[in-house]
Each structure stands twice: as structure tokens, then as C-alpha cells.
Amino acid sequence: MTEHNELKEKMYEWTQKYAEKAGYRLNPDKEALDYVLDGLTLKLEKFGKRYCPCRIVTGDEKEDRKIVCPCIYHKEEVERDGSCHCELFFKAN
Ligand code: SF4
């Protein structure tokens, strides 16, 4: 397994744990899920932090802290839209 894929596997495990703890489920579309996990892993590799794959890292540390996954927006988004902006976490039912 490449280093990227190992990191991605760990990311997947983390998202599973978080989803379970928070009462969410992961995107049931495996391809879409894979895409977001890939994005999260790339952000971690590039910036050293699990920044949201579908938001822009500004370089302002205080601002960017808001978009470390799970971002400060996800709860409201899941509640309102049924999933977070990246469609990683979904409402459980
Ligand atoms: S939108 Fe979803 S994937 Fe992106 S940081 Fe927030 S919780 Fe994570």
C-alpha cells in the first residue's frame, strides 16, 4: 500500500469513528465517499492538518481552524441539508 493509501485508510477509520460518535453515517455512495476521503488525505499531506477538502485554506490560522474536519459548520449543515457541505457526514435517518 502506498503511503497515501495508508493515510487514507486511517482517515476512513477516523471518519467512521466520528460518525458513530456523532450519530451520523458516512456517504453511502462509495465512490463519492472515496473522493472526499482522498481530498481530506491530500489536505493533510499538504498542510499537516485535516482541512476540509471542499473549502479554501486561507493561510490565516485562526480562520483555517474553523475548517479542520469536522468543521464548525457541519452540524448545522447536516441538520439543515441532510449532509455536510462535502457530503461526507450524513444524517443517520
Ligand atoms: S464539510 Fe464535511 S468534510 Fe468538510 S470539513 Fe466539514 S465535516 Fe469535514
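Descriptive notes on the structure:
- Residue satisfying condition, being open to solvent by 40 Å² or more (accessible area, probe 1.4 Å), near the ligand (Cβ under 9 Å from one of its atoms) and in contact with a strand residue (DSSP E or B) (Cβ under 9 Å, 6 or more places away or on another chain), within set Arg50, Arg55: Arg50
- Pairs, first under 18 Å from Gln16 (Cβ atoms) in region 54-76, second part of a helix (DSSP H, G or I), C-beta under 7 Å, six or more apart: Cys69/Leu40; Pro70/Tyr18
- Hits in region 1-47 (condition: among the small types (Gly, Ala, Ser) and surrounded by fewer than 16 Cβ atoms within 10 Å (Cβ to Cβ)): Ala22, Gly23, Ala32
- Within region 20-45, being in contact with a Lys or Arg (Cβ under 7 Å, 6 or more places away or on another chain) and more than 10 Å from the ligand (Cβ to nearest atom) holds for Asp38, Thr41, Leu44.
The values are calculated or read from the model by the stated rules, or taken from the named source; none is laboratory data. Owing to the predicted nature of the structure, the values given are computational and were not obtained by experimental measurement. Here the Cβ is made from the backbone with ideal geometry for all residues, glycine too, and neighbour counts use every protein chain on show. Surface areas here come from the heavy atoms of the whole protein model, side chains and all, with no ligands, DNA or RNA. Shrake-Rupley method; radii C 1.70, N 1.55, O 1.52, S 1.80 Å.
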